[in-house]
Amino acid sequence: MIAGGGNGGLGALWELLSRQGGLLASLLGPAPATGERGPAQTVARGPRAQRAPDEYELLVEAIYEGYLLHYDTPRVVVSLEADLGLLAGDRLYALGLARLVALGDGPAVAELADTITLSALAHASDAPELAEAVWQAGARAVGWGCSEAHARAKRLAFGGSSEALDAMRTSAEGATAAR
């Protein structure tokens with residue numbers, strides 16, 4: 001694992017991209033000064049990630065940064081051109097998912113693929129609150145395991161149900177998450 005210099009997964013992501021060089025390194029903003037709490041930290045705290053919590057935190061930071069490049073304000077990678085930002089986001093999705101595949105965690109790959117898809121569908125439906133809830137619930141499912149409540153929330157979201165937001169929020173709380 002790449003040490004984050006005390007600023008967690010976000011700092012580790014910055015360091016990784018900086019050392020790799022290339023296009024993503026050329027788009028880096030200033031190194032993050034402090035860690036922040038988000039989906040990556042949720043995953044890293046979960047029992048499913050305890051064999052490599054730093055690696056899970058890093059790879060989810062990469063995937064989440066890719067999402068932010070597509071739909072929100074990124075924290076590490078800065079692009080003044082929209083098309084370049086989308087390409088950088090796709091590269092970060094691939095980077096994070098490849099690292100997850102290397103860990104051999106197929107269920108987490110599937111969960112994060114669903115999270116990426118459902119958040120994109122939420123944004124296409126002009127439902128940013130649902131997209132945020134999808135990320136919170138998806139992170140919970142990756143770290144703790146997919147519960148029946150989460151599986152139901154995903155079915156509702158894929159179906160475009162008006163109940164999806166509340167179901168995702170309930171799933172993110174993890175009251176019935178699988179152990």
Ala151: in the same structural domain as Ile116 (by TED's automatic domain parsing), modelled with pLDDT under 95 and surrounded by fewer than 17 Cβ atoms within 10 Å (Cβ to Cβ), yes or no? no
The one condition in (1) small (Gly, Ala, Ser); (2) more than 15 Å from the chain's Cα centre (by Cα); (3) surrounded by fewer than 15 Cβ atoms within 10 Å (Cβ to Cβ) that Ala98 fails to fulfil: (2)
Any chance segment 32-45 includes a residue that's at pLDDT 95 or above, more than 11 Å from the chain's Cα centre (by Cα), surrounded by fewer than 22 Cβ atoms within 10 Å (Cβ to Cβ) and over 17 Å from Lys154 (Cβ atoms)? yes
Selection count, segment 85-134, where residues are touching a His at 6+ places or on another chain (Cβ under 9 Å) and among the charged types (D, E, K, R): 2
Can you tell me how many residues in segment 129-153 are without any contact (Cβ under 8 Å) to a residue 24 or more places away in the chain and under 15 Å from the mean Cα position of the chain (by Cα)? 1
The lone condition Ala110 fails out of (1) under 16 Å from Gly38 (Cβ atoms); (2) surrounded by fewer than 19 Cβ atoms within 10 Å (Cβ to Cβ) is (1)
Which residue is surrounded by the fewest Cβ atoms within 10 Å (Cβ to Cβ), if the candidates are limited to segment 154-179 and must be of a type in the set (S, T, N, Q) and more than 17 Å from the chain's Cα centre (by Cα)? Ser162
Condition set touching a Gly at 6+ places or on another chain (Cβ under 8 Å) and either part of a helix (DSSP H, G or I) or in the same structural domain as Thr115 (by TED's automatic domain parsing) (or both), scope segment 74-93, selection nearest to Ala139 (Cα to Cα): answer is Tyr93
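The values are calculated or read from the model by the stated rules, or taken from the named source; none is laboratory data. Here the structure is a predicted model, which means the values were calculated and not measured. When we count neighbours, we look across all protein chains shown, and the Cβ atoms used for this are built from the backbone with ideal geometry, even at glycine.
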